[in-house]
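What follows is a set of notes on a single structure, which appears directly below.
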Amino acid sequence: MALILGLESSCDDSAAALVTSDRRILAQAVVGQNSAHQPYGGVVPEIAARAHVDVLPGLIEQVLTKAGIVPAQLDAVAATAGPGLIGGVMVGLLAGKGLALAAGKPLIAVNHLEGHALSPRLTDPDLPFPYLLLLASGGHCQLLEVRGVGDYRRLATTIDDAAGEAFDKAAKLLGLGYPGGPAIEALARQGDPAAVPLPRPLVGSGEPHFSFAGLKSAVQRAAASASHHPADIAASFQGAVIDCLVDRTRLVLERSAAPALVVAGGVAANGAIRAALKQLAERHGRAFSSPPAWLCTDNAAMIAWAGAERFAAGLRDGLDAPARARWPLDAAADAVRGAGVKA
Ligand code: KG4
Ligand code: ZN
């Protein structure tokens, strides 16, 4: 049994967690920075980095104390090394390096996307490799074949906005504040998803990629027309995103032999999205798995768990491991034509 401390600081959540290789979460703490960024309608990188400096040391102390663990008992320190806002990534990675050095323990530099990709295996012991993963977050919307630890094949990606980014932009247009996903989901419950006709970009296309920019523009027009109730716009927008996610995932699922479909990343916290993808998996005779909602949005338990999986595979990193703003899971994947492609 290995004991791993995980640190996360790639966006606007500072987090620390202690996780064992036999899937026990001994302690975890997440501090969001919503109120710091709210006036700006999005995450301000410099504010985020400074907040991580303020908060992270206390969180590390908190989880160690709560679990009654001293650094000498750790087997490794895992820290997010990218991709993300570079200032924040540097804060968490340097904290991890300092701790690893002081305690004489190995460092594991974790790709944040691998944290999301392996997160379902923390709570689902019956999810073997390979599986087809829809990774939908604030910065990414990809379909990946997860073949094993460190072994990913990207089968589809977005040609413009990420799914979570679409939720955030739509929420901003509706005056709902940041982050937009939970606010849209709540408002959508009171609306009619058929009330506002919105496009389903790329649905029906033979290429499996995603696109959400046109949907955002259509929401902008619907909001500006003032002829629709905001709840109806929210419900119609969420319905359109679901149709896009389900159609694109279906295409890849039909071409894949993977026995299970998994959805992870912040957008997977959305109950309606999870339900639609579960139905899709069932229709195609595949198992379905998704981490609990708290494990979908950014947290350090998934970083510690990815660290545990990498530790078990014998993977270690040196103290010269770089912080990376960009770090695709599948470095060999072709670039996709389109504006503002997210790896
Ligand atoms: O994975 P995550 O916490 O951070 C990144 O790695 O990006 O994802 C954050 C994204 C945000 O865009 C947020 O609006 C979206 O996930 N999100 C949701 C929900 N909760 C968070 N989107 C839809 N419905 C939700 N309930
Ligand atoms: Zn994330």
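If you take the square roots of the eigenvalues of the alpha-carbon gyration tensor of region 266-343 and sort them as a ≥ b ≥ c, do you get rounded (a/c under 1.5), prolate (a/b over b/c) or oblate? Oblate, because a/c is 1.5 or more while a/b does not exceed b/c.
Bridge orientation summary for the chain: considering DSSP beta bridges with both residues in this region, about 60 percent are antiparallel. Taking all Cα-Cα distances within the chain, those exceeding 37 Å account for 16%.
Looking at the calculated P(r) for region 160-273, what percent of the C-alpha pair distances fall above 23 Å? That fraction is 25 percent.
Lysine pair count for the chain with Cα-Cα distance under 20 Å and sequence separation of 8 or more or different chains is 5. Does anyone have the angle between helix 213-225 and the longest principal axis of the chain? Alpha-carbon axes, 0 to 90°, nearest 10? Once rounded, the angle reads 60 degrees.
We did not get these values from a lab; they are worked out from the coordinates using the rules stated. Being a predicted model, the structure only gives us computed values, none of them experimental.
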